[in-house]
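The values are calculated or read from the model by the stated rules, or taken from the named source; none is laboratory data. Please read all numbers here as calculations on a predicted model, not as lab measurements. Virtual Cβ from ideal backbone geometry, glycine too; neighbours counted across all protein chains shown. Note: accessible area is taken over every heavy atom of the protein model, side chains too, but ligands, DNA and RNA are not part of it. Shrake-Rupley method; radii C 1.70, N 1.55, O 1.52, S 1.80 Å.
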Amino acid sequence: MILTTTVGSYPIPAWLAALPSEQARLDATRVVFDIQRQARIDLPTDGELYRFDVNHPDTNGMIEYFIRPMAGVRAQVGRSDSEAFARQPGMGFRRKPAGVVEGTLGEGSLNLAADCALAASVASGDFKFTVTSPYMLARTLLDRHYGNFEDLLMALADVLAQQVAGLPCACLQIDEANVTGNPADGPLAAIAINRILDAFTGRRAVHLCFGNYGGQSIQQGKWRALVAFLNSLHADHLVLEAAHRPAGDLHALRDVDPRLHLGIGVVDVKVNHIETAEEIALRIECAERILGPGRIAWIHPDCGLWMLHRSIVDRKITVLAAGRDLYLGRR
């Protein structure tokens, strides 16, 4: 069996953006779940509608939503902060930090359980809840308290581990889009990510892509450099970008530990083209020819869908199950 899922975000319904309210957000979450279930998505996500911030659309809130409520973080960023952040390596595509760490990190007003419970109330079945990796969050911060990156990273991991314990979802997914361009940090990133995964008792997934900042790739890495990192993760399955990657890049994934079920991106989220069932079936066939029979457990879009128009997204996810069925009927 090859199962279908989505990665996380979904386009914000126009009526929610126009008249936002708690009730409207709940209604929109219900709609997003229903669209996915009608499309026969086996493990849907809540669409991450609770994260969206019109002032930070390029990352759809995947950074600020987690960072700004935390104790010890100053969200107001001045000129000297931005200049200091610009001198740090690896974040050239951000003009300023997501926040400035000035004290010991704590949960503050961050409450993942409340947002997950709201999603659970309208999910009508199993669903996946997503959390941004502590490594990616740490790279966006200006640290004026801990004095070294590792201590900052582990402090973030501890806060998030406390938050995910007992979440009312079937699957927890950690999202990481920065270590793909910094594979030397893989061992450190894995320790932090595993600290969060170990705190959750349900199914555990890790999503990795090469950046989707405003619909653009950011990282220039390859899967080959990340195999050791992948094999060290305490996850049940991986959710990997593949449709927008070079065809030969999949060969490296043959060395991923068989205990990790592979999820392969077969829908390209960086183009408006609506894939056909035939195209999806062909992408699965090509991937399984490289990876080996039975190695692919999941198919999904490459990444979140928030930057595409909803009419495009609704059609893109519909072909996932149809393409899967077409492939399995031929195999």
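Once you compute Rg and the Kirkwood Rh from C-alpha atoms, what is the Rg to Rh ratio for the chain?
On the way: Rg = 19.0 Å, Rh = 20.0 Å.
Answer for the chain: 0.95.
Go ahead and run the numbers for FRET between residue 201 and residue 30, Cβ-Cβ distance against an R0 of 30 Å, rounding to 0.05.
Details: r = 26 Å, r/R0 = 0.87.
With a Förster radius of 30 Å, E is 0.70.
So which aspartates and glutamates can residue 96 reach, going by Cα to Cα under 14 Å and dropping same-chain residues fewer than 8 places off?
In chain and number order, the partners are 58, 64, 81, 83, 143.
Compute the long axis of helix 186-197 from its Cα atoms, compare it with the longest principal axis of the Cα atoms of the chain, and write down the angle in degrees, 0 to 90, nearest 10.
With both axes taken from Cα atoms, the answer is about 80 degrees.
How high is the relative contact order of the range 140-292, in percent, counting Cα pairs under 8 Å that sit 6 or more residues apart?
Working: 206 pairs, mean separation 30.3, N = 153.
Averaging sequence separation for qualifying contacts and normalising by length gives 20 percent for the range 140-292.
Would you calculate, for the chain, the mean residue ellipticity at 222 nm contributed by helices, counting each DSSP H stretch of 4 or more residues as -39,500 (n - 2.57) and dividing by all residues, to the nearest 500? Intermediate values should be presented prior to the final figure.
Working: 11 runs with 120 residues, N = 331.
Rounded to the nearest 500, it is -11000 deg cm²/dmol.
With unit charges on the beta carbons (Lys and Arg positive, Asp and Glu negative) and the dipole taken about the Cα centre of the chain, which residue among 174, 273, 3 sits farthest to the positive side?
273
If I fit a long axis through the Cα atoms of helix 22-38 and take the longest principal axis of the Cα atoms of the chain, what angle between them do I get, 0 to 90°, rounded to 10?
Tilt relative to the chain: about 30 degrees.
Build a GNM of the chain with springs between Cα atoms under 10 Å: which of 95, 30, 254 gets the top mean-square fluctuation?
So, out of 95, 30, 254, the one fluctuating most is 95.
Just need the relative contact order of the chain here, percent rounded to a whole number, with Cα pairs under 8 Å and 6+ apart.
Details: 640 pairs, mean separation 63.5, N = 331.
In percent, rounded to a whole number, it is 19.
If amide H atoms are built 1.01 Å from N in the plane of the peptide, which residues on other chains or at least 5 residues away come under 5 Å of the amide H of residue 267?
Those qualifying (amide H under 5 Å, at least 5 residues apart or on another chain) are 243, 300, 302.
Note the full-extension length gain between residue 37 and residue 273 as 0.36 nm times their separation in residues minus their Cα-Cα distance, in nm to one decimal.
Numbers: separation 236, 0.36 × 236 = 84.96 nm, distance 2.21 nm.
Working it through step by step, the gained length comes to 82.8 nm.
How much net charge surrounds residue 27 when only the other residues with a Cβ under 14 Å from the Cβ of residue 27 are counted, with Lys and Arg +1 and Asp and Glu -1? Could the numbers behind the result be given before it?
On the way: positive: 25, 30; negative: 22, 34, 46.
Here the count lands on -1.
Using a simple spin-label model with points 7 Å from Cα along the Cα→Cβ vector, what separation in nm is obtained for residue 222 and residue 150?
Placing both labels 7 Å along Cα→Cβ, they lie 3.0 nm apart.
Residue 328 versus residue 86, label points 7 Å from Cα toward the beta carbon: distance in nm?
For the pair residue 328/residue 86, the computed spacing is 5.3 nm.
Test of understanding: in a Gaussian network model of the chain with alpha carbons linked when under 10 Å, which of 269, 31, 179 would top the mean-square fluctuation ranking?
Most flexible of the set in this elastic network: 31.
Name the long-range amide H neighbours of residue 61: under 5 Å, sequence gap of 5 or more, or other chain; modelled H, no Pro or chain starts.
53
Express the accessible area of the chain per residue in Å², computed with a 1.4 Å probe while the remaining protein chains stay in the model.
Numbers: 13100 Å² over 331 residues.
On a per-residue basis, the chain sits at 40 Å².
Diagonalise the Cα gyration tensor of the range 207-300 and give the resulting equivalent ellipsoid semi-axes, square root of 5 times each eigenvalue, largest first, whole Å.
Largest first, the range 207-300 gives 20, 17, 11 Å.
Whose amide H sits under 5 Å from the amide H of residue 170, counting only residues 5 or more places off or on another chain, with H placed in the peptide plane?
Those lying under 5 Å, H to H, from residue 170 are 127.
Can you work out the Karplus-derived ³J(HN,Hα) for every residue in the range 263-269? Use 6.51 cos²θ - 1.76 cosθ + 1.60 with θ = phi - 60°, whole Hz, and x for glycine or proline.
Ordered by residue, 3J(HN,Hα) equals x, 10, x, 10, 10, 7, 8 Hz.
When the accessible area of the chain is computed with all protein chains present and a 1.4 Å probe, what percentage of it is carbon and sulfur?
Numbers: 6890 of 13100 Å².
C and S fraction of accessible area: 53 percent.
For residue 128, list the lysines whose Cα falls under 25 Å from its own Cα; do not include residues on the same chain fewer than 8 positions away.
List returned: 270, 316.
Provide, in order from the shortest bin, the percent of all Cα-Cα pairs of the range 66-203 in each 5 Å bin, continuing until the bin that contains the maximum pair distance.
2, 10, 19, 21, 19, 14, 8, 4, 2, 0
Select from the range 77-182 those GluC sites (Glu not before Pro) which occupy a DSSP coil region and have at most 11 other Cβ atoms within 10 Å, ordered by residue number.
Sites meeting the loop and neighbour criteria: none at all.
Test of understanding: in a Gaussian network model of the chain with alpha carbons linked when under 10 Å, which of 148, 182, 231 would top the mean-square fluctuation ranking?
148
Could you give each residue of the range 102-109 its phi-based ³J(HN,Hα) in whole Hz, using Karplus coefficients 6.51, -1.76, 1.60 with θ = phi - 60°, and x for Gly or Pro?
10, x, 4, 6, x, 5, x, 9
Once phi is turned into ³J(HN,Hα) by the Karplus curve 6.51 cos²θ - 1.76 cosθ + 1.60 with θ = phi - 60°, what whole-Hz value does each residue of the range 279-292 show in order, with x for glycine and proline?
Calculated HN-Hα couplings, in order: 5, 4, 4, 5, 5, 5, 4, 5, 5, 6, 5, 7, 8, x Hz.
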